[in-house]
1. Determine which member of the set GLU47, GLU40 is acidic (Asp, Glu), free of Cβ contacts under 8 Å to residues at least 24 places away in the same chain and loosely packed, with under 10 Cβ neighbours inside 10 Å.
2. Kindly indicate the residue of segment 78-103 that is of a type outside the set (A, V, I, L, M, F, W, C) and loosely packed, with under 13 Cβ neighbours inside 10 Å and also modelled with the highest pLDDT among those meeting that condition.
3. I'm told LEU3 meets every condition in (1) assigned to a helix (DSSP H, G or I); (2) at pLDDT 80 or above except one. Can you identify the failing condition by its number?
4. Which numbered condition in (1) of a type in the set (D, E, K, R); (2) loosely packed, with under 12 Cβ neighbours inside 10 Å; (3) at pLDDT 90 or above is the only one that ASP75 fails?
5. Are any of the residues in segment 130-140 closer than 25 Å to LYS72 by Cα and touching a Gly at 6+ places or on another chain (Cβ under 7 Å)?
Amino acid sequence: MYLSTLENILIPLGICVAMPVLIVYFVSRARQNETNRRTEVMLKAIENGAPIDPELFKSPKKDKKARSRKEKLLDHLTGACVTGFIGVAVLAYGIWKGCLGGWDAGDKMCILIAAILIAIGIANLVVYILGMKMFAKEIELEEKQSSEGEK
């Protein structure tokens, strides 16, 4: 009896409190270790009289490639497909479950969630279509520049 009550308290505390604190701790610790390693390398270089590259003092940037407009718009299309299909699946499940056992609050909630997912999917699809129309010239120019850069 007491173990069950203690379990009901400790699991949410562990997930909602301890886990985020540990994640922040580990991330900050990793950054601190990286800074310490970079500092050690710089000190050794200074001791040996080697020339020091000022770029090493700057914080390392993420090596993310700049995404083109077309890639961003394709992300909207992907989001539209995923949320739309999930919404349709949840809607079919809600209707199927409601038809089998009578309509209860869970079935109605299922249909409401499905409607929200389908609306998000439609909104992403509209953003994709309008974006492709609005940025057609810019996308074409980006594609020409990237194809010329590969040659």
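1. Numbers: GLU40 fails: loosely packed, with under 10 Cβ neighbours inside 10 Å.
None of the other options fit; the residue is GLU47.
2. The first filter runs over segment 78-103 and keeps only residues of a type outside the set (A, V, I, L, M, F, W, C), leaving 78-79, 83-84, 87, 93-94, 97-98, 101-102.
Going one step further and asking which of them are loosely packed, with under 13 Cβ neighbours inside 10 Å, we end up with 78, 101-102.
Numbers: THR78: 94, GLY101: 78, GLY102: 78.
This residue is THR78.
3. Unmet for LEU3, out of (1) assigned to a helix (DSSP H, G or I); (2) at pLDDT 80 or above: (2).
4. For ASP75, the failing item is (2).
5. Residues of segment 130-140 that are closer than 25 Å to LYS72 by Cα, as a first pass: 130-140.
Filter again for touching a Gly at 6+ places or on another chain (Cβ under 7 Å), leaving none.
For segment 130-140, residues closer than 25 Å to LYS72 by Cα and touching a Gly at 6+ places or on another chain (Cβ under 7 Å): absent.
The values are calculated or read from the model by the stated rules, or taken from the named source; none is laboratory data. In this text the structure is predicted, and so the values were computed from the model without any measurement. Backbone-built Cβ (ideal geometry, glycine too); neighbour counts: all protein chains shown.
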